[in-house]
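Single-structure report; data block below.
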Amino acid sequence: MHQQKSLLAVLIAAGVIGLAACGGGGSGTGSATQISGTAASGAPFAGATITLTDANGTTRSATAGADGSFTIDASGLTAPFVLKASGTVGGAVSTYVAVLADGVAAGTTKTLNVTPLTTAVAALLSDNNDPLDMTDLAKLKAKATPAEIKKAVDALKTVLANVIAAAGADVTAFDPMTTSFKADRSGLDSVLDAVKVTVAGNGVTLTNAFAAVSDSASEAPAIILTKTNLAAPPAPLTAPTVTLSAIAKILDGWRDQLNACFALTAENRVTKDGSGNVIGVKGACAQISGFDVGSYKSNGYTLYQRYGSLLADPAMDGAKFGMPEILTLTKSDSNEDFALFRLSYTRSDGDTNHVVDVAKKEYEATASDSGWRVVGNQRNYDASIEASFRKGIDLKNNGKVRYASGFRLYFNPLGPNASDVNAVKITGPGLPAAGVVLGKSTSCGTSTYLVVNNKTGNVNIATTTNTSNAFNLDSAYADKSAYTWPSTNVNYASALVDVSTIKPFSRYRFDLYRADASLIDTFYARITAGPVAASYGDKLQWNELTDASKAYLNPSDATKSAALTNATIDWTRNPSAAPIESVSMYGYEASSGKRVEAEAVGIKQASASTAVSTQGLASSAGTTNCTAASIPALNISGNERQITVRSRSQFDVRQYVTWYYQN
């Protein structure tokens with residue numbers, strides 16, 4: 001990878017091709033009676049399974065092409081229709097929904113796209129803000145009426161007026177469902193590129209990725225649409241500060257360079273030093289443009305430290321990269337321009353994942369150089385904050401389900417420049433004003449992360465036995481029964497927080513302290529998604545443990561409830577749920593206060609089983625001898641055991657399911 005060429009001319013491009021104002025009318029196609037459209041989120045939803053269901057429950061399916069296009073035979077079907085597109089992109093299962101109130105006349109083709117914006121319309125038709133409600137035939141027939149659909153589309157027109165106009169389109173003719181388009185970053189597709197959609201219990205949240213946010217702003221401007229404000233929607237999103245006419249040529253070129261690189265075998269992609277560390281690239285990989293190799297830094301890591309394992313992994317041979325997606329633009333106080341972007345890829349074995357990185361405008365554009373380089377987030381420490389959603393299943397209490405929503409607060413004490421860090425105080429939207437403080441734990445299995453120590457802002461701290469870096473803001477039982485808020489628990493806010501007030505790309509401050517409570521450094525990080533209301537948990541999709549694995553949580557099973565150093569965890573894969581990324585087992589011993597957690601990571605998406613082991617565990621405090629660590633026995637009164645699987649939702653929220661038993 002070299003520094004000489006451009007990466008992101010999207011950020012200085014000018015002019016956008018107008019939307020095709022073809023509307024939703026049918027067009028004669030001989031004898032065929034069809035519904036056709038495009039499945040896309042900006043980038044085409046290639047390979048997505050497209051399912052059309054009519055008012056009588058008749059279904060027909062197709063597979064989206066490489067460009068996201070699809071056509072489905074609609075002969076003999078009865079309106080209204082619901083269209084669902086599902087597939088795995090970037091390590092998450094994505095599902096989009098669209099509805100059509102009108103029938104398809106014989107011998108004609110009607111356009112029905114399925115995108116994040118059509119999903120927003122479907123959500124706004126639902127009383128529960130759940131787009132999948134439209135797959136319920138009774139709800140589809142009651143809600144997907146021309147009048148109700150028009151109301152939702154009109155509200156979108158209002159709040160997206162500036163973005164649509166910047167695309168050169170007629171706002172009055174805009175319809176995300178019935179306007180024909182191609183997923184080529186022009187027309188309607190450029191609107192999809194710019195507008196980020198999050199569907200949750202509080203409504204549909206819309207942000208404009210192409211309206212630069214001040215780096216010092218606490219949050220990015222966002223609009224929330226709900227059923228109650230459709231008649232009088234909020235003021236429009238800010239107009240884009242960049243446009244997209246040149247994006248396809250430049251970013252297609254970069255994607256093609258990456259694909260050429262990973263078409264090589266691992267040994268032909270990288271050069272290594274005597275210790276096996278990647279120190280350079282070769283062949284087609286040396287021709288990838290846009291990286292500032294000398295200045296790159298991400299969470300304290302150099303370019304080759306960050307991407308070396310990916311480049312050197314034989315499992316990446318033949319991997320295919322999708323189009324980079326701009327998540328948000330920021331402008332520093334010194335007027336420097338930055339872009340946060342996501343790049344998804346699919347391995348030859350079918351596993352998908354993504355990387356998120358930062359580009360900076362380093363030079364003024366020329367005819368051959370956009371002036372942008374990938375430089376990383378320029379932070380010195382391996383740290384992050386992410387929205388999280390947790391489902392807890394109490395096996396002692398007949399499987400009673402509780403949902404909790406909040407944050408995963410992460411700081412790696414083994415990461416770059418972290419040797420003197422004893423405490424990390426985090427402040428920002430939704431967190432206590434005094435701050436949540438992370439510290440070191442003496443529990444085995446915590447060596448790579450700090451845990452929540454307190455929520456009072458006290459940085460003069462000792463070690464703890466806590467094993468969790470979760471901070472929950474909202475919680476509720478699935479059966480709607482009364483829930484007593486655990487106000488004294490350090491992993492919970494002192495009182496319930498309205499998570500709808502926390503917008504995507506909100507900014508958080510990290511203050512690092514030594515053991516003597518003296519300040520080391522301060523930096524900032526942004527979330528990419530806001531937390532989801534706990535009450536929305538029953539609308540989400542989840543994977544399930546097998547009975548054989550749940551036996552580890554049964555104190556009556558003499559073998560599996562005994563103290564463990566190894567366990568095999570199996571699950572049933574829900575195709576609509578996000579793939580499992582990691583599996584952990586936790587145990588607590590009441591008599592000693594000992595806590596142990598073992599985790600298996602890097603799980604293949606097609607897998608349904610993994611092994612967890614206590615071998616090699618350590619604590620972040622570094623004072624505990626974990627050589628003989630084991631998961632404490634469950635068949636002793638007062639002891640507790642948990643099994644947790646972790647995934648990532650299509651809205652970039654960390655999802656956890658924990659099955660637990662407290663004896």
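The values are calculated or read from the model by the stated rules, or taken from the named source; none is laboratory data. Not measured: the values here are computed from a predicted model. Here Cβ is always computed from backbone atoms with ideal geometry, including for glycine, and neighbour counts include all displayed protein chains. Accessible surface areas use protein heavy atoms only, side chains included; no ligands, DNA or RNA. Shrake-Rupley method; radii C 1.70, N 1.55, O 1.52, S 1.80 Å.
Just a few scattered comments:
- Equivalent ellipsoid semi-axes, the range 613-663, via Cα gyration tensor eigenvalues times 5, rooted, Å: 26, 19, 9
- Within a straight-line Cα-Cα reach of under 24 Å, K480 can be paired with the following lysines, leaving aside sequence neighbours fewer than 8 residues apart in one chain: K139, K227, K391, K396, K400, K539.
- The simple Förster model, with R0 at 30 Å and r as the Cβ-Cβ distance, assigns T427 and Y483 a FRET efficiency of 0.65.
- Pairs of Cα atoms in the range 482-551 fall into 10 Å distance bins, from 0 up to the last occupied one, in shares of 14, 25, 34, 19, 8, 0 percent.
- Fraction in percent of alpha-carbon pairs per bin - 5 Å, the range 533-663: 2, 10, 20, 21, 18, 15, 10, 4, 1
- For the pair A462 and K396, the difference between a 0.36 nm per residue extended length and the Cα-Cα distance amounts to 20.4 nm.
- Contour minus Cα-Cα distance for A138 and T559 (0.36 nm per residue): 146.7 nm
- Only beta bridges with both residues in the range 420-502 are counted; by DSSP, about 80 percent of them are antiparallel.
- With Cα atoms as the point set, the range 489-597 shows a radius of gyration and Dmax of 19.9, 51 Å.
- 0 to 90° range, to nearest 10: angle between helix 303-312 axis and the chain longest Cα axis: 80 degrees
- Distances between every pair of Cα atoms in the range 400-444, grouped in 5 Å steps from 0 to the bin holding the largest one, split as 5, 15, 22, 20, 17, 13, 5, 2, 1 percent.
- Two-site FRET efficiency, R60 against S419, from Cβ-Cβ distance with R₀ of 51 Å, rounded to 0.05: 0.25
- Within the chain, percent of DSSP bridges classed antiparallel, to nearest 5: 90 percent
- Dipole size of the chain about its Cα centre, with +1 on Lys/Arg Cβ and -1 on Asp/Glu Cβ: approximately 620 debye, rounded to the nearest 20.
- Looking at the range 574-624, the trypsin sites (Lys or Arg not before Pro) that sit in a DSSP loop and have at most 15 other Cβ atoms within 10 Å of their own Cβ are K604.
- For the peptides 189-196, 139-146, 54-61, 155-162, the ranking by mean Cβ contacts within 10 Å, running from highest to lowest, is 189-196, 155-162, 139-146, 54-61.
- All Cα pairs of the range 129-283, percent lying beyond 17 Å: 72 percent
- The chain - percent of accessible surface contributed by carbon and sulfur, probe 1.4 Å: 49 percent
- Rounded if a/c under 1.5, otherwise prolate or oblate - the range 88-189, Cα gyration tensor axes: rounded
- Beta bridges by DSSP in the range 358-500, antiparallel share as percent, to the nearest 5: 95 percent
- Label-reachable residues, the range 567-588, where backbone N falls under 12 Å from a point 7 Å from T627's Cα toward its Cβ: none
- Helix axis angle, 116-125 relative to the chain longest principal axis, alpha carbon, degrees: 90 degrees
- Estimated Rh, the range 457-505: Kirkwood, alpha-carbon pairs, angstrom: 13.2 Å
- Angle in degrees between helix 146-159 and the longest Cα principal axis of the chain, rounded to the nearest 10: 70 degrees
- Projected area averaged over orientations for the range 282-404, convex hull of C-alpha atoms, nm²: 11.8 nm²
- Only one item in (i) -0.24, -0.63, -1.00, -1.21; (ii) -0.27, -0.65, -0.92, -1.05; (iii) -0.26, -0.70, -1.10, -1.32 matches log10 I(q)/I(0) by the Debye sum over Cα atoms at q = 0.05, 0.08, 0.10, 0.11 Å⁻¹ derived from the coordinates shown, and that item is (i).
- Packing-based ranking, highest mean first, of 400-409, 312-321 given that Cβ atoms within 10 Å are counted: 400-409, 312-321
- Contact order for the chain, expressed relative to its length and based on alpha carbon pairs under 8 Å spaced 6+ residues apart, stands at 12 percent.
- Between D349 and A32, the distance separating the two model label sites (each 7 Å from Cα on the Cα→Cβ line) works out to 3.9 nm.
- In this rough spin-label picture, where each label sits 7 Å from Cα along the Cβ direction, the A217-R573 distance is 4.0 nm.
- Selection from N397, Q642, A433, by position along the positive dipole direction of the chain (Cβ): N397
- Using R0 = 30 Å, the C-beta based FRET efficiency linking I636 and S494 works out to 0.35.
- Inter-label distance for S368 and D67, nm, one decimal - labels placed 7 Å from Cα along Cα-to-Cβ: 3.2 nm
- Extension gain from S613 to D273, taking 0.36 nm per residue of separation minus the Cα-Cα distance: 119.3 nm
- Scattering profile of the range 24-110 at q = 0.16, 0.19, 0.22, 0.25 Å⁻¹ [log10 I(q)/I(0), Debye over alpha-carbon scatterers]: -0.60, -0.81, -1.03, -1.23
- Per residue, the accessible area of the chain comes to 38 Å², computed with a 1.4 Å probe over protein heavy atoms only.
- Proximal lysines to K182, defined as alpha-carbon separation beneath 24 angstrom and excluding residues fewer than eight positions away on the same chain: K84, K110, K150, K157, K196, K249, K320
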